[in-house]
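**Q** Handing you a structure now.
The values are calculated or read from the model by the stated rules, or taken from the named source; none is laboratory data. This is a predicted model, so every value here is computed, not measured. Here the Cβ positions follow ideal geometry from the backbone for every residue, glycine too, while neighbour counts run over all protein chains shown.
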Amino acid sequence: MLQLTRLQPPRSLASTSDAYEYCRRVTAEYSKTFYLGTMLMPPEKRRAIWAIYVWCRRTDELVDGPNASQTTPETLDCWEEHLNSIFAGRPIDAPDVALVDALERFPIEIQPFRDMIDGQRMDLYRSRYETFEELRLYCYRVAGTVGLMSNAVLGFDDCLRTAPWATATPEPTDEAIALGIANQLTNILRDVGEDAQRGRIYLPLEDLALFDYSEGDLLTGINDERWQGLMQFQIRRARKFYAEAQRGISKLSADARWPVWAALMLYQGILGVIERNNYDVFSQRAYVAQSKKFLYLPIAWLRAQAL
Ligand SMILES: CC(C)=CCC/C(C)=C/CC/C(C)=C/CC/C(C)=C/[C@@H]1[C@@H](COP(=O)(O)OP(=O)(O)O)[C@]1(C)CC/C=C(\C)CC/C=C(\C)CCC=C(C)C
Ligand SMILES: Nc1ncnc2c1ncn2[C@@H]1O[C@H](COP(=O)(O)OP(=O)(O)OP(=O)(O)O)[C@@H](O)[C@H]1O
Ligand SMILES: [Mn+2]
């Protein structure tokens, strides 16, 4: 029914291990960065993240995939019903089998899943954001939510919970949301040209005005000093969210720190590539080469031990 057609899920409802294997293949195919991150986790956490990944990917494809033009608000209502069924322990199709199992092992609130669907709803009726506050809400919904879902699987450092001086909630909720927002801002900067071709501008219009850069300039891809100033401003903002996220990693369980540092550094690396490309996000795509991704791993490991 959905658009992940290149990798067919097993027919009828699958066994749990087939369903996880399908989720593994989808994650590996669609995101080299996050897949690499999951390979640094213990197997049970890794499988649960693959199941979450596939649910998020399917949700995103409803408004961003090849059949998105057929998606209506009612499609998203149905998808929310589908979600309710998963949370009631009743899988509807093969990939659900993995998510139902993952939710049994790692209980997660349903709200971030619902919020993500609401984020996709925004994509149905909006193609402009006036202010950063509006964009931030969109980023929370489509990506900050992934941080909340992931946190429940990654787990927290027990020392923080059990110490007699432990205060209210030591869980790094804000930091997890910050990493989602940082990733989404990076994704938006990387995809400016692609989105413009679909008539979409995610950069806040108030920021464009600040640099005297018009919507028309963006849609025609003008890369001048105004654009470069605007991009420097956006990159600085994204880096602040990465910095906030970094402060939360030491609060995660020890076996989750390396994967999160790796995913963070790799995704943040895209910003450096955009700078090296002289802010040309119109005619080329900024990416970190697969061979280079492995070079980050030892540095991420050291940070996971030390910070
Ligand atoms: C290593 C690890 C824990 C990874 C989590 C993997 C996961 C479940 C990812 C889901 C991604 C997804 C498909 C989301 C749907 C909405 C969307 C498209 C968001 C954008 C991601 C996509 O990146 P990509 O470059 O592949 O996009 P396209 O090819 O253009 O489609 C986003 C950029 C957001 C991703 C957000 C996260 C992965 C949140 C990360 C936060 C944590 C893991 C919390 C860590 C905890 C602390 C305390 C810092
Ligand atoms: N919608 C898609 N359909 C099929 N394949 C895709 C799709 N999106 C990404 N891919 C796969 O990912 C490759 C590169 O995409 P992209 O530049 O987003 O990097 P990535 O591998 O997804 O890594 P990252 O996790 O950093 O985004 C594509 O060549 C393709 O193999
Ligand atoms: Mn990708």
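**Q** Picking from D18, D101, D60, which residue would you name as being in a helix (DSSP H, G or I), surrounded by fewer than 20 Cβ atoms within 10 Å (Cβ to Cβ) and within 10 Å of ligand 1 (Cβ to nearest atom)?
**A** D60
**Q** Against the definition (under 27 Å from N151 (Cβ atoms), modelled with pLDDT under 95 and either in contact with a helix residue (DSSP H, G or I) (Cβ under 8 Å, 6 or more places away or on another chain) or in the same structural domain as Y267 (by TED's automatic domain parsing) (or both)), how does L83 come out, yes or no?
**A** So L83 fails the test.
**Q** Given (1) buried (at least 16 other Cβ atoms within 10 Å of the Cβ); (2) in a helix (DSSP H, G or I); (3) at pLDDT 95 or above, where does A243 come up short, assuming only one miss?
**A** With respect to (1) buried (at least 16 other Cβ atoms within 10 Å of the Cβ); (2) in a helix (DSSP H, G or I); (3) at pLDDT 95 or above, A243 is out only on (1).
**Q** Do you know which residues across region 134-168 are modelled with pLDDT under 90 and either in a helix (DSSP H, G or I) or under 22 Å from R105 (Cα atoms) (or both)?
**A** Scanning region 134-168 gives D157, D158, C159, L160, R161, T162.
**Q** Which one of these is without any contact (Cβ under 8 Å) to a residue 24 or more places away in the chain, part of a helix (DSSP H, G or I), surrounded by 14 or more Cβ atoms within 10 Å (Cβ to Cβ) and not charged (D, E, K, R): L189, L185, L218, L208?
**A** Sole residue among the options that is without any contact (Cβ under 8 Å) to a residue 24 or more places away in the chain, part of a helix (DSSP H, G or I), surrounded by 14 or more Cβ atoms within 10 Å (Cβ to Cβ) and not charged (D, E, K, R): L208.
**Q** Of the residues L302, L264, L295, which is crowded, with 21+ Cβ neighbours inside 10 Å and within 28 Å of G248 (Cβ to Cβ)?
**A** L264
**Q** Hey, can you tell me all the residues within region 236-252 that are of a type outside the set (A, V, I, L, M, F, W, C) and either closer than 12 Å to S150 by Cβ or outside the structural domain of V146 (by TED's automatic domain parsing) (or both)?
**A** The answer is G248, and nothing else.
**Q** Within region 189-203, is even one residue under 22 Å from the mean Cα position of the chain (by Cα), of a type in the set (A, V, I, L, M, F, W, C), closer than 25 Å to R121 by Cβ and within 16 Å of ligand 3 (Cβ to nearest atom)?
**A** Looking for residues that are under 22 Å from the mean Cα position of the chain (by Cα), of a type in the set (A, V, I, L, M, F, W, C), closer than 25 Å to R121 by Cβ and within 16 Å of ligand 3 (Cβ to nearest atom), one finds at least one in region 189-203, hence yes.
**Q** Now a separate question. If you take the residues in region 267-292 that are of a type in the set (A, V, I, L, M) and within 28 Å of I177 (Cβ to Cβ), which one is surrounded by the fewest Cβ atoms within 10 Å (Cβ to Cβ)?
**A** V273
**Q** In region 256-297, how many are closer than 19 Å to I188 by Cβ, among the small types (G, A, S), free of Cβ contacts under 8 Å to residues at least 60 places away in the same chain and within 12 Å of ligand 2 (Cβ to nearest atom)?
**A** The number of residues fulfilling the criteria is 1.
**Q** Further, regarding this structure: Give me the pairs: first residue in region 137-164 and in contact (Cβ under 8 Å) with a residue 40 or more places away in the chain and more than 7 Å from ligand 1 (Cβ to nearest atom), second residue acidic (D, E) and not in a helix (DSSP H, G or I), beta-carbon distance under 7 Å, and six or more apart or on different chains, which are they?
**A** Close Cβ pairs (under 7 Å, with a partner that is acidic (D, E) and not in a helix (DSSP H, G or I)) amount to F156/E171.
**Q** Looking only at region 6-16, decide whether some residue is within 13 Å of ligand 2 (Cβ to nearest atom), at pLDDT below 95 and over 22 Å from E104 (Cα atoms).
**A** Checking region 6-16: at least one residue is within 13 Å of ligand 2 (Cβ to nearest atom), at pLDDT below 95 and over 22 Å from E104 (Cα atoms).
**Q** Out of everything in region 63-72 that is under 22 Å from the mean Cα position of the chain (by Cα) and assigned to a helix (DSSP H, G or I), what residue ends up being surrounded by the most Cβ atoms within 10 Å (Cβ to Cβ)?
**A** V63
**Q** Mind telling me which of the residues Y20, Y53 ends up being within 16 Å of ligand 2 (Cβ to nearest atom) and either farther than 22 Å from L148 by Cα or of a type outside the set (A, V, I, L, M) (or both)?
**A** Within the list Y20, Y53, the selection yields Y53.
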